[in-house]
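For reference, the structure discussed in these notes is given below.
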Amino acid sequence: MQDVVQDRLGRYWVGQSDEIALFASNGEFLATIGREGQGPLEFLRARPFHLDSWNRVHVLDTSNMRLSVIREDLSLFGETAIPVGYISDIVGERSAERYVIQSWIPSAERLGFPLHRLSDGEIVSSFGVSPVADGARLPDQGPLDVFAAQRELALSVGGNVVSAHLWDYIVESWSEDGYRNGKLLGRTLDDGLRGEPGPWSINNPPWHGVRDIWVDRDDRLWVLLAYRRLDWEDRVIEVIQPNGDVGLDFPEGLSSVYRSRVEVVDPFDCYTIASGWFEEGLLGRFVRGGPLGDTASVTKASYGPRGDPLVDVWNVSLVR
């Protein structure tokens, strides 16, 4: 429910599984787009992710294995089938119906490549393998490691694909031909407590990680990070799982054990322009479209007085 696009009319398009909720810039509810199903403008898992040059919103539905493009008058412009069902992230080019997806595809020609370029619903190229000599700080970087292959994606002003490892601060830039232009290596997110992927416990706590990345109109890279709080153990309860293992319960929600950090980086000269902590819990994702200039919008899940799920939108600004 935290995938949000803001169009040039200021409206927020919020994905809500089988429909999209449309809100005014002041939060007033305007309309519902779509319904549950598999036909035109029907969704099973609607994820708005991209605003193109014609103010159309692009929506991914992995359950229907389909991309939908919706005009600003809320009518359907077109739909395209996609060849894979699992996509962890996707970015669209601004002026064409071409996309880059992050997906693990276990075919002979795609195995080991985490990034794939889509055109007209077909995969036309695969790329994104980090050289082994880079020493990516993850326990396994083999071609069969789905977990380590996960990336967050953004698109630079010049059209380069920017990818970030979810579980370490490693950002890479890729040309349209799939060649790596450069790498930015931030502070390691492994604090020595991180165990193997699997159920969380006191000895294998929730990991630090990269939540999202976004490139603004000035080609600055915004990085959204999640850090486990120092007092996280006081915010969890150990419980016995059905299989007998000891796991964790989060009485105040998973967000309570995290705080968030936003960093703005110059990806060309590789230095941090600005950074700041958000102490109010776990931020979600950057709003696509969104404001221009020195401001980014970020989502945060919350709940209303009756327990209704809400999406808060926070503006994060550079202060000079």
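What the table below lists for this structure:
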item	result
Of all accessible heavy-atom area on segment 18-121, the percent that carbon and sulfur account for (1.4 Å)	49
Computed over segment 165-234, the ratio Rg/Rh where both radii use C-alpha atoms and Rh is Kirkwood	1.07
Contact order normalised by residue count of the chain, Cα under 8 Å, 6+ apart, percent	10
Among GLY247, GLY186, GLY198, residue whose mean-square fluctuation peaks in a GNM of the chain (springs only between Cα atoms under 10 Å)	GLY198
Charge dipole magnitude, Cβ of K and R +1, D and E -1 - segment 216-266, Cα centre, debye nearest 20	100
13 Å beta-carbon shell around ALA81, net charge (K/R +1, D/E -1)	-4
Candidates SER103, SER163, SER75: whichever shows maximal mean-square fluctuation once the chain is modelled as a Gaussian network with Cα springs under 10 Å	SER75
With DNA, RNA and ligands ignored, accessible area of ILE237 (1.4 Å probe; Å², nearest 10)	90
Among GLY121, GLY92, LEU166 the positive-end extreme of the charge dipole of the chain (Cβ point charges)	GLY92
Segment 157-269 - percent of accessible surface contributed by carbon and sulfur, probe 1.4 Å	48
Stretchable slack from ALA274 to ASP249, in nm (0.36 nm times residue separation minus alpha-carbon distance)	5.5 nm
For the chain: rounded, prolate or oblate by the Cα gyration tensor [a/c cutoff 1.5]	rounded
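The values are calculated or read from the model by the stated rules, or taken from the named source; none is laboratory data. Keep in mind the model is a prediction, meaning the values are calculated, not measured. Note that each Cβ is placed from the backbone with ideal geometry, even for glycine, and that neighbours are counted across all protein chains shown. Accessible surface is based on the protein model in full, side chains and every heavy atom, while ligands, DNA and RNA are left aside. Shrake-Rupley method; radii C 1.70, N 1.55, O 1.52, S 1.80 Å.
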